[in-house]
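**Student:** There's a structure below that I have some questions on.
The values are calculated or read from the model by the stated rules, or taken from the named source; none is laboratory data. In this text, all values refer to a predicted model and were calculated from it rather than measured experimentally. FYI the Cβ positions are ideal-geometry reconstructions off the backbone, even for glycines, and counts take in every protein chain you see.
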Amino acid sequence: MAININSLFDVSGKVALVTGGGSGIGTMATEALVSAGCKVYIASRRLESCQAVADEFNAEGPGSVIALQADLSTEEGTKALANAFASHEDQLDILVNNSGTTWGAPFEEFPRSKWDDVMALNVSAVADLTKNLLPLLRRAGTADNPARIVNLGSVVGTRPASNQAYSYGASKAAIHHLTRMLANEFGSMHVTVNAIAPGPFPSRMMAHVIRDDARKKAMEARVPLHRCGEAEDIAGLLLMLCSRAGSYITGGIIPLDGGLSAMP
Ligand SMILES: NC(=O)c1ccc[n+]([C@@H]2O[C@H](COP(=O)([O-])OP(=O)(O)OC[C@H]3O[C@@H](n4cnc5c(N)ncnc54)[C@H](OP(=O)(O)O)[C@@H]3O)[C@@H](O)[C@H]2O)c1
């Protein structure tokens, strides 16, 4: 048989960097990659959150986690993380651009500063970090086994939500489009670029909804599959995108939203 089913989803031994790995979806992505045998660097402002995740997952393996401190809201911060990573590794197999932030306010009162903050982290930092790490991704990628970039988009980048998160929705639509643009350009470098577009998942960003039972139930009722996303949902799609199974997928904005983006 031509298909080796045992290695189709194998990512063991790969080196990954997950931004925002110390909480929410970033921790779910880290758990998936460590459980599958990757060496995973995680980075965000709060080193203690990242270190706690590293301690927990290092005790379980089979992969490993290294915690780094990084503030990606500035160009200097993205450069510093790329340099810190490059001082440990000379190539990068998987980059998960996950760090993100949001803000909500009535449109007429929406502060300019919250356009700047959200766009800086959710869009500019993704572009900067990807640019700074591209040489290491190119070194890792081959025609048979490209390096992988996975950006975190959102269902609200595909389909408008009436949640007053104007800069957030616009930033996620921008990430979807940047994903397609970079996929076109990086194909010949043996680097794939895809976006996961989640619906609701438990995280700090969603804590105000998840902690309130009535709001959580109302939110779940709006999802065609009637539930929030879980760690296994992130793991299934991420491992597919990062293994042989996903090596012919690039430029995809892949819904992981229980059907929300397909609603009329
Ligand atoms: N949860 C959902 O329902 C959902 C749905 C669609 C898309 N998403 C996307 O999924 C991604 C992860 O979000 P989440 O829901 O897991 O929320 P979260 O738990 O709030 O995670 C956001 C992460 O970003 C990091 N971060 C924030 N500011 C940063 C900065 N200046 N520099 C570096 N890292 C920074 C945070 O760590 P520090 O505070 O330590 O810096 C945190 O780990 C985001 O891109 C989000 O837009 C989430």
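**Student:** Filter region 147-159 down to residues that are touching a residue at least 40 places away in the same chain (Cβ under 8 Å) and part of a helix (DSSP H, G or I) and give me whichever is farthest from the ligand (Cβ to nearest atom).
**Tutor:** Here is the first cut: in region 147-159, the ones touching a residue at least 40 places away in the same chain (Cβ under 8 Å) are 147-155, 157-159.
Filter once more, so that each one left must be part of a helix (DSSP H, G or I): 155, 157.
Details: Val155: 6, Gly157: 8 Å.
Among them, the one singled out is Gly157.
**Student:** Consider Ser73 carefully, then state whether it is out of contact with any helix residue (DSSP H, G or I) (no Cβ under 6 Å at 6 or more places or on another chain), among the hydroxyl-bearing types (Ser, Thr, Tyr) and over 18 Å from Ile149 (Cβ atoms). It would help to see each step written out before you state the result.
**Tutor:** Numbers: out of contact with any helix residue (DSSP H, G or I) (no Cβ under 6 Å at 6 or more places or on another chain): no; among the hydroxyl-bearing types (Ser, Thr, Tyr): yes; over 18 Å from Ile149 (Cβ atoms): yes.
Spelling it out, it is not the case that Ser73 is out of contact with any helix residue (DSSP H, G or I) (no Cβ under 6 Å at 6 or more places or on another chain), among the hydroxyl-bearing types (Ser, Thr, Tyr) and over 18 Å from Ile149 (Cβ atoms).
**Student:** Ok, one more. Filter region 13-58 down to the residues that are farther than 13 Å from Ala235 by Cβ, part of a helix (DSSP H, G or I), small (Gly, Ala, Ser) and more than 8 Å from the ligand (Cβ to nearest atom) and list them by number.
**Tutor:** Ala52, Ala54
**Student:** Of Thr179, Thr250, which residue is β-branched (Val, Ile, Thr), surrounded by 14 or more Cβ atoms within 10 Å (Cβ to Cβ), at pLDDT 95 or above and not in a loop (DSSP other than H, G, I, E, B)? Walk me through it before giving the result.
**Tutor:** Numbers: Thr250 fails: not in a loop (DSSP other than H, G, I, E, B).
The match here is Thr179.
**Student:** Return yes or no: is Asp144 surrounded by fewer than 16 Cβ atoms within 10 Å (Cβ to Cβ), of a type in the set (Asp, Glu) and part of a loop (DSSP other than H, G, I, E, B)? Walk me through how you get there before you give the answer.
**Tutor:** Numbers: surrounded by fewer than 16 Cβ atoms within 10 Å (Cβ to Cβ): yes; of a type in the set (Asp, Glu): yes; part of a loop (DSSP other than H, G, I, E, B): yes.
Yes; evaluated as a whole, the condition is true for this residue.
**Student:** Further question on the same structure: Looking only at region 160-201, which residues are over 16 Å from Ala125 (Cα atoms) and within 12 Å of the ligand (Cβ to nearest atom)?
**Tutor:** Selection gives Ala161, Asn163, Ala165, Gly169, Ile196, Ala197, Pro198, Gly199, Pro200, Phe201.
**Student:** Go through region 146-186 residue by residue and tally those that are within 24 Å of Met263 (Cα to Cα) and touching a His at 6+ places or on another chain (Cβ under 9 Å). Can you show your working first?
**Tutor:** Pass one, region 146-186, residues within 24 Å of Met263 (Cα to Cα): 151-177, 179-180.
Filter again for touching a His at 6+ places or on another chain (Cβ under 9 Å), leaving 151, 153-154, 157-158.
Total satisfying the criteria: 5.
**Student:** Only residues that are among the charged types (D, E, K, R), within 13 Å of the ligand (Cβ to nearest atom) and not in a helix (DSSP H, G or I): list them for region 71-101, please.
**Tutor:** Passing the criteria: only Asp71.
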